[in-house]
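The structure appears right after this line, and notes come after that.
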């Protein structure tokens, strides 16, 4: 996939270390957009960032985000840009939507019914069985089950949706190339292979 300079600049900023996000957003507002920050980024920015953040931004910009793009290609994943037709419509209406989402797999149409099931990582046996049952029954009725791939209730809900032959989506706090917890890597693969998706901001 070929990316425009404007798209590369948005990926570059989205993948910046978390501590740099707020400062980058300030510069974006002041300078006019991610592409302007990309163009003007230089050693004068060093005092405003910690060493790791500056090194990442400088290296990634110089290589035109090569490492991130390589990882996306290896995972058969794509970036979804705010404002584009494939970006989740409801998410775009929240107060501070991510400018870029990274997606492995396939998202359902915006019109498809969906429900989130989340809960304790140290759930009771009853809680796990109920999350699994609810996920399965919703999936059998054509409802997409959304959860976070975490241990406990989240994983049980995903498993139930898969058992029901439906679609499920995992929204990660870690990156799509950094599945956490590691014991759920196989579950993540099954989600994608069954027609669902893995989503992350990083």
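All of the numbers you see were taken from the coordinates with simple rules; none came from a lab. These figures come from a predicted structure and were not determined experimentally. Note: ideal-geometry Cβ built from the backbone for every residue, glycine included; neighbour counts use all protein chains shown.
Ordered by the number of other Cβ atoms lying within 10 Å of each residue's own Cβ, fewest first, 200, 63 fall into the sequence 63, 200. The distance separating the Cα centre of segment 64-125 from that of segment 1-54 comes to 21 Å.
A straight chain from residue 190 to residue 106 at 0.36 nm per residue would run longer than the Cα-Cα distance by 29.0 nm.
When mean projected area of the Cα convex hull in nm² is computed from the coordinates, the matching label among (1) 12.0; (2) 15.4; (3) 11.2 is (1).
A Förster distance of 41 Å, applied to the separation of the beta-carbon atoms of residue 70 and residue 90, puts the FRET efficiency at 0.85. With a simple spin-label model that places each label point 7 Å from the Cα along the Cα-to-Cβ direction, the separation between residue 178 and residue 29 comes to 2.7 nm.
What is the extension gain from residue 44 to residue 125, computed as 0.36 nm multiplied by their sequence separation minus the C-alpha to C-alpha distance, in nm to one decimal?
Value of the extension gain: 23.6 nm.
Give me the extension gain from residue 163 to residue 36: residue separation times 0.36 nm, minus the current Cα-Cα distance, reported in nm with one decimal.
Here the segment from residue 163 to residue 36 would lengthen by 40.9 nm.
Taking the longest Cα principal axis of the chain as reference, the axis of helix 125-140 is set at about 80 degrees. Between residue 52 and residue 22, the C-beta separation translates, for a Förster distance of 25 Å, into a calculated FRET efficiency of about 0.95. Label reach from residue 118 (point 7 Å along Cα→C-beta): in segment 134-173, amide nitrogens under 12 Å belong to 146-150, 154, 171-173. Relative to the longest principal axis of the Cα atoms of the chain, the long axis of helix 21-31 lies at roughly 50 degrees.
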